[in-house]
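First comes the structure, then the notes that go with it.
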Amino acid sequence: MKKNLAIFTENLSKIYNKKNNKVKALENFSINIPNGCIYGLLGPNGAGKSTFINIIAGLVKKNSGRVNITGIDLDKNPIEIRKKIGVVPQELNIDPFFTPYELLELQAGLYGVKKQDRKTIQILKNMQLIDKKNAYARNLSGGMRRRLLIAKALVHNPDIIFLDEPTAGVDVELRMNLWEYIKSLCKQGKTICLTTHYLEEAEKLCDYITIIDNGKKIIEDKKDNLLNLFTKRIVEFEIECKIVNFPINLKKYLKNQNHNKLTLEYDKKEINLSEIIKILNDYKILFSELKTFDEDLESIFLKITSD
Ligand code: ADP
Ligand code: MG
């Protein structure tokens, strides 16, 4: 049962006791993550994303609900689950007195990876840390530490990799590199579950997205469906002369109009751009340029979470 799912949780709940306050970090959170995909948990700070990962990693105790990883129940066999997963934590905590090489060897030892099966050098190469293999971790930059943490999570060749805000505070170039690397892990057949509050990251990287806020699931879907839910488009025309007779069929889409610009907001399901252009032509409204804008995940997110 649930063997075809990499990650399955049902009614997962966590309440933290903060002094005398109870914080509901996760509330009846259920999720199904298929094998071999990149799955994004998207939500603002404090949504409960890290709590979700930390429960699965065995770092935080759930209050109630079920967790099942590749068919293994967390309550019954947490140790077996630890072997199946690699977790890259959000915090950049690295023991400053070890070198990357030593840290990976240590980690391999902890996971019982035999010397002949270790891939320390290969992993350091993949993460572009080979030049730093003997440097003290305290001398590594933020981006290098992030990569070292990813490397550390890979030493026991886990089937499922959790990345908690993998590119937070990472510069643009490294972010792109990490995205490529994450995609290549997925191509090798690994399942990736990542959290992010960067909408672009979820949009570019993930096959499926769950939006989480205040410990609750707001919406989940394939990324493409999620984007398809929102079919509003904006088109801006640079017009060549003032419009005297405004086309009646376009009135409901009019967003803004001034002497040289006409902005329409339309629904892709109702009308398409070539129909709009035809109407403008029929009315002899000439334009020199046009620009279109799709609604992005940012505005989708704002809309969903503001209800
Ligand atoms: P996210 O990773 O989405 O930013 P978290 O899972 O870290 O969210 O936090 C969810 C909520 O739980 C927040 O309100 C946070 O303040 C609270 N929280 C997280 N960890 C603890 C903790 N160790 N003790 C008390 N409250 C916590
Ligand atoms: Mg977090």
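Where a number appears in this text, it was derived from the coordinates with a stated rule and is not lab data. Bear in mind the structure is a predicted one, so any value in this text is a computation, not a measurement. Because the Cβ atoms are built from the backbone with ideal geometry, glycine has one as well, and the counts that use them run over all protein chains shown.
The Cβ shell under 11 Å around residue 194 holds other residues with a net charge of -2, Lys and Arg each +1, Asp and Glu each -1. Think of it as helices only: each DSSP H run of n ≥ 4 in the chain is worth -39500 (n - 2.57), and spread over all residues that comes to -9000 deg cm²/dmol at 222 nm.
Using the structure shown, list the pairs from 242/291; 61/204; 19/83 with a Cα-Cα distance above 29 Å, or answer none.
Values: 242/291 19 Å; 61/204 32 Å; 19/83 34 Å.
61/204; 19/83, as the Cα separations exceed 29 Å there.
Exposed loop sites were defined as GluC sites (Glu not before Pro) in DSSP loop states (anything but H, G, I, E or B) carrying at most 14 other C-beta atoms within 10 Å; in the chain the longest segment without such a site runs 92-239.
Relative to one another, the C-alpha centroids of segment 44-69 and segment 236-280 are positioned 49 Å apart.
Show me the chymotrypsin sites (Phe, Trp or Tyr not before Pro) within segment 25-114 that DSSP assigns to loop and that have at most 11 other Cβ atoms within 10 Å of their Cβ. Walk me through the numbers before you get to the answer.
On the way: sites: 29, 39, 52, 97, 98, 101, 111; in loops: 97, 98, 111.
Sparse-neighbourhood loop chymotrypsin sites (Phe, Trp or Tyr not before Pro): 97.
Within the same chain, aspartates and glutamates fewer than 8 places from residue 269 are excluded, and of the rest, those with a Cα less than 15 Å from its Cα are 294, 295. Dividing the mean sequence gap of close Cα pairs (under 8 Å, 6+ apart) by how many residues segment 68-164 holds gives a relative contact order of 46 percent. Each Lys or Arg adds one and each Asp or Glu subtracts one; over the other residues with Cβ under 9 Å from the Cβ of residue 265, this totals +2.
Calculate how many DSSP beta bridges within the chain are antiparallel, expressed in % of all such bridges and rounded to the nearest 5.
Numbers: 40 of 58 bridges.
Of all bridge pairs located within the chain, approximately 70 percent are antiparallel.
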